[in-house]
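Below: one structure, written as structure tokens.
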Amino acid sequence: MKLILWVVLTLSLPAFASNVHPEHLQVFTDEANKTEQWQRGNTKRFDTFEQFFLTRGHRAYYRTGYIYDLQAERILSYQESLVLNPSFYEIVQQDMKGVDISQQELAAFLNTTLPTNSQYFYFYFDTLTEKNGSGRYREADTPRKRDFLIRGMKMRQKAARIMQAHKTMPWYLIHIPFIGYKPPL
């Protein structure tokens, strides 16, 4: 029995190895993706993501970010964010008027531990993605949807490059699940 198992494994390994292209091995490494070294979090549901902003007089946006002041316990307005650094104009939500919120409430919403070594931190809401029955991402099923996913990836990478220049400010990527999502009628 052991001999049969050994023969099956020995014969299948070269077949697997021949399907792995060297360029794929280089693409999927931390070294190749140095820019995107995000700390991570997630909203527990899509509807809690929406409600978080709606109950504070704002619309919920993704593919954009916000800056939180840990000392003032406040999500900064767009203008306050630009005072910190004008380069944030591309990666901070322009409609944000500023919101007072406790650290505990924000940590629970983002489902992560907030930093303690900085006055400010940046959090970015990623593109909504959902796997379909075949295991592929829903947005990758058609060229139009693939384009949406690629634009989201480019925006996230732009935010990562800008935040990488601000070594004293931690940055978080927040995923939003489809749980609780209701498509428009």
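The values are calculated or read from the model by the stated rules, or taken from the named source; none is laboratory data. Just so you know, these numbers come straight off a predicted model, no measurement behind them. Cβ coordinates were reconstructed from backbone atoms using ideal geometry, including for glycine residues, and neighbour counts include every protein chain displayed. Ligands, DNA and RNA are stripped out before the accessible areas are found, and what is left, the full protein with its side chains, is counted by its heavy atoms. Shrake-Rupley method; radii C 1.70, N 1.55, O 1.52, S 1.80 Å.
Hey, any hits in segment 153-162 for a residue that's of a type outside the set (Gly, Ala, Ser), part of a helix (DSSP H, G or I) and modelled with pLDDT under 80?
Narrowing segment 153-162 to residues of a type outside the set (Gly, Ala, Ser): 153-158, 161-162.
Next, from what is left, pick out any that are part of a helix (DSSP H, G or I): 153-158, 161-162.
Pick out the ones that are also modelled with pLDDT under 80 and you get none.
No - not one qualifying residue is present in segment 153-162.
Against the condition closer than 19 Å to Asn42 by Cα, surrounded by 13 or more Cβ atoms within 10 Å (Cβ to Cβ), at pLDDT below 90 and not polar (S, T, N, Q), how does His166 come out, does it pass? Can you show your working first?
Values: closer than 19 Å to Asn42 by Cα: no; surrounded by 13 or more Cβ atoms within 10 Å (Cβ to Cβ): yes; at pLDDT below 90: yes; not polar (S, T, N, Q): yes.
When the stated conditions are applied, His166 does not pass them.
I need a count of the residues in segment 45-71 that are modelled with pLDDT of 95 or more and open to solvent by 60 Å² or more (accessible area, probe 1.4 Å).
1
Filter segment 101-121 down to the residues that are surrounded by 13 or more Cβ atoms within 10 Å (Cβ to Cβ) and closer than 17 Å to His58 by Cβ and list them by number.
Matches in segment 101-121: Ile101, Leu106, Phe109, Leu110.
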